[in-house]
Amino acid sequence: MTEKVECLIIGSGPAGYTAAIYAARADLKPVLYEGMQPGGQLTITTDVENYPGFPNGVMGPEMMELFKSQATRLGTDVRFGRVTKVDFTGPIHKVWVDDEKEIHCESVIISTGASAKWLGIPSEQRLNGSGVSACAVCDGFFYRGKDVAIVGGGDTACEEATYLAKLCNKVYMLVRKDLRASKAMQHRVMNTPNIEVMMYTETEEILGDKVVEGVRVKNSQDGSVKELPITGFFVAIGHTPNTDIFKGWLELDEQGYIKTTPGTSKTNIEGVFASGDAQDKIYRQAITAAGSGCMAALDAERYLSAKHAGQVPTN
């Protein structure tokens, strides 16, 4: 049996939950599907110190639980499930959840976020879960007092390296070229004594049969190769927007981010709006995601008001 929904929100995290809060207060009776990672990327983040309203900081998972509680208290129907197919042909948008349940939506807010990138070497996938991880916060505890390596040169890599440094004996930070992180994060890494930053370093192979026992790296400037004895290998090299199911329906840029009308959350399809990291490749912060979720809910409310009034809204 097909379900009819006035406002469907695809994905959680700061964007999805904020959209839900605003949509619920506007009496749009929002239904939110959390996706494969309920709460989004912040559920694998350590202390969040730059979100207003938390003077002493807050753990990412705790903050997402607070977002979710607020959304549900205001009337959002939060469900576990993954949207696997869409059809944006007509004014009623069709969405399928887990390849089975069909939902007809008057408006759709997309907040599917982004997923971690991997290096793409065979040993990385072979040892994934056996010493290889893309989440230092999730798995760092298992390497307390041990030596580990982390790949990446951005803010996320720096944040995870400093987190690991609190638990581990030694952290090798493998940077392919130069550090791209903010000055504050670079300063934090450079002033952490048990982090060794290795610039111009490429990962050739993660060593070990059943578990990680080391990593072979190559210096791209002088060609020297060395093996580092580690038991944990963490990847923090960026993310890919989770937008594949929207290909052919929505306008995406060359990296797969959803294009929106500047200053709005509107996509090229009427009644479909995008928020958070699925459409933001510049800022990618919790607060900007939340702000764009607010925009999406307001845009959806105005769209539905015009539609119900018999007007023809344009995106």
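The values are calculated or read from the model by the stated rules, or taken from the named source; none is laboratory data. Small disclaimer: the values here were computed from a predicted structure and weren't measured. Note that we place each Cβ from the backbone using ideal geometry, even for glycine, and neighbour counts take in every protein chain shown.
Could you tell me whether the stretch 294-309 includes any residue that is over 20 Å from Ile21 (Cα atoms) and part of a loop (DSSP other than H, G, I, E, B)? There is at least one residue in the stretch 294-309 that is over 20 Å from Ile21 (Cα atoms) and part of a loop (DSSP other than H, G, I, E, B). Screening Met1 with (1) assigned to a loop (DSSP other than H, G, I, E, B); (2) under 22 Å from Arg284 (Cβ atoms); (3) modelled with pLDDT under 95 gives one miss only, at (2).
Of all residues in the stretch 173-193, those satisfying the criterion of being outside any helix (DSSP H, G or I) and over 19 Å from Asp147 (Cβ atoms) are Arg176, Lys177, Asp178, Leu179, Arg180, Ala181, Ser182, Asn191. Taken over the stretch 15-66, the residue count meeting the criterion of being modelled with pLDDT of 85 or more, β-branched (Val, Ile, Thr) and more than 30 Å from His104 (Cβ to Cβ) is 1. Candidates in the stretch 57-92 are the residues that are among the aliphatic types (A, V, I, L, M) and part of a loop (DSSP other than H, G, I, E, B); of these, the one that is farthest from Thr43 (Cα to Cα) is Ile92. Scanning the stretch 282-295 for residues that are farther than 14 Å from Thr156 by Cβ and touching a Pro at 6+ places or on another chain (Cβ under 8 Å) returns Ile287, Ala289, Ala290, Gly293. For the stretch 271-315, taking the residues that are in contact (Cβ under 8 Å) with a residue 60 or more places away in the chain and of a type in the set (Asp, Glu), the one that is surrounded by the fewest Cβ atoms within 10 Å (Cβ to Cβ) is identified as Glu301.
If you go through the stretch 203-222 and pick out every residue that is crowded, with 20+ Cβ neighbours inside 10 Å and more than 16 Å from Arg176 (Cα to Cα), you end up with 1. Among the residues of the stretch 114-146, those that are among the hydrophobic types (A, V, I, L, M, F, W, C) and in a loop (DSSP other than H, G, I, E, B) comprise Trp118, Leu119, Ile121, Leu127, Ala134, Cys135.
Residues that are surrounded by fewer than 17 Cβ atoms within 10 Å (Cβ to Cβ) and over 20 Å from the mean Cα position of the chain (by Cα) were ranked within the stretch 70-84; the one that is nearest to Glu3 (Cα to Cα) is Asp77. All told, Lys281 falls short of being assigned to a helix (DSSP H, G or I) and of a type in the set (Lys, Arg).
To keep it simple, each residue is scored yes or no on (1) under 30 Å from Val86 (Cβ atoms); (2) of a type in the set (Ser, Thr, Tyr); (3) surrounded by 16 or more Cβ atoms within 10 Å (Cβ to Cβ).
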| site | (1), (2), (3) |
| --- | --- |
| Arg188 | no, no, yes |
| Pro193 | no, no, no |
| Val197 | no, no, yes |
| Thr201 | no, yes, yes |
| Ser224 | no, yes, no |
| Leu228 | no, no, yes |
